[in-house]
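Worksheet for the structure shown next.
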Amino acid sequence: MRRVGIFFLAVVALVAMTAPVSAQPKVTITGFVDNITSWSRNMNHEDSNPARNGDSEWYARTRVRPDITAEVGTTKFVLGIELDYAWGQVGATDGSFGGGGQKFGTTSGFDQNTDVAGILEIKWAYTEFQVPLLPVPSVLRIGAQPTAQHYKGGVLHHGDMVGVNSSTTISPMFRLHLTYAQIEEESTGSRDGFTRGEDWAFIGSVEITPIKGLDIRPIYAYFTAEGTTGQARLGRGGVANVAGTFPLTAREDRHTLGVDARPSLRGS
């Protein structure tokens, strides 16, 4: 059933991309460059031992986050890139290859001559377009993208994801949001030696503006995981996210209900 849904969305995307457009193409680059320096004492990330208080550190790092957006009419493609590097070589190698042991939160360390391999990170790579032939405006976003399921970050689903997100404006007071996120892909299955299982999530929400100045968003989320999984399950209370605790035959299903709210950004 899941593969049938993905095939249907692929057909919709093909129809949207082949529809004639008369608008002129436009390319914009946005983003930021973040430079920080930090001094700390007794904050060693290597041994996490607060009893060893003789360690101190002063270092600097740079983060570069450009987003390249190509637009034609209501269709756009976004490519998000990230580079994180420390000032000076901090590991066995100056890049993320070969198990160089880089500084926490970076992928490399620029040293003399600054030539570093394995530093480029792809954060986003998605297409967004208005679905044709529908009686109400509906925008579809497909690919690796930022999460956009609720108002407050880090409450339910945060960071970045890969999958499909749709937003349908039924009326100025009522909008429907649907999200499918692929977390792990079983591919051909455990018979071929793949041990991670099939993990995915669905999130649905209805955005309502009952009165001027208030947005309310009831949310339902379903998450399923087979065996071990990534950051969707963190170890708690002595239960680790390892194969000994969650073998491939173990399946977890989560159902989450909630309500989010904020001061309305519409109708002002």
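General observations
- Scan region 73-98 for residues that are closer than 22 Å to Ala144 by Cα, β-branched (Val, Ile, Thr) and in contact with a Ser or Thr (Cβ under 9 Å, 6 or more places away or on another chain) and the total you get is 2.
- Checking region 106-116 against the condition returns no match, with no residue being surrounded by 18 or more Cβ atoms within 10 Å (Cβ to Cβ), under 28 Å from Val27 (Cβ atoms), of a type outside the set (S, T, N, Q) and touching a residue at least 40 places away in the same chain (Cβ under 8 Å).
- Check on Arg262, among the basic types (Lys, Arg), in contact with a Ser or Thr (Cβ under 7 Å, 6 or more places away or on another chain) and at pLDDT 85 or above: no
- Filter result for the condition that a residue is assigned to a loop (DSSP other than H, G, I, E, B) and more than 14 Å from the chain's Cα centre (by Cα), over Arg217, Arg233, Arg175: Arg233
- Under the condition of being assigned to a strand (DSSP E or B), of a type in the set (A, V, I, L, M, F, W, C) and under 15 Å from Thr37 (Cβ atoms), the residues counted in region 52-107 number 4.
- Residues in region 64-105 that are among the hydroxyl-bearing types (Ser, Thr, Tyr) and within 30 Å of Lys26 (Cα to Cα): 3 in all.
- Failed item in (1) modelled with pLDDT of 85 or more; (2) under 23 Å from Ser138 (Cα atoms), with Asn241 passing the rest: (2)
- Inter-residue pairs, beta-carbon under 9 Å, first modelled with pLDDT under 70 and in region 40-60, second among the small types (Gly, Ala, Ser) and part of a loop (DSSP other than H, G, I, E, B), 6+ apart: Glu46/Gly101
- Qualifying residue in region 121-143 (condition: touching a Phe, Trp or Tyr at 6+ places or on another chain (Cβ under 7 Å) and more than 22 Å from Thr168 (Cβ to Cβ)): no
- Cross-chain or 6+ apart pairs with Cβ under 6 Å, region 71-89 first and free of Cβ contacts under 8 Å to residues at least 12 places away in the same chain, then assigned to a strand (DSSP E or B) and buried (at least 17 other Cβ atoms within 10 Å of the Cβ): none
- Screening region 191-214 for residues that are outside any loop (DSSP other than H, G, I, E, B) and among the β-branched types (Val, Ile, Thr) and picking the one that is farthest from the chain's Cα centre (by Cα) gives Ile211.
The values are calculated or read from the model by the stated rules, or taken from the named source; none is laboratory data. The shown structure was predicted, so the numbers you read here are calculated from the model rather than taken from an experiment. Reconstructed Cβ throughout: ideal geometry from the backbone, glycine too, with neighbour counts over all protein chains shown.
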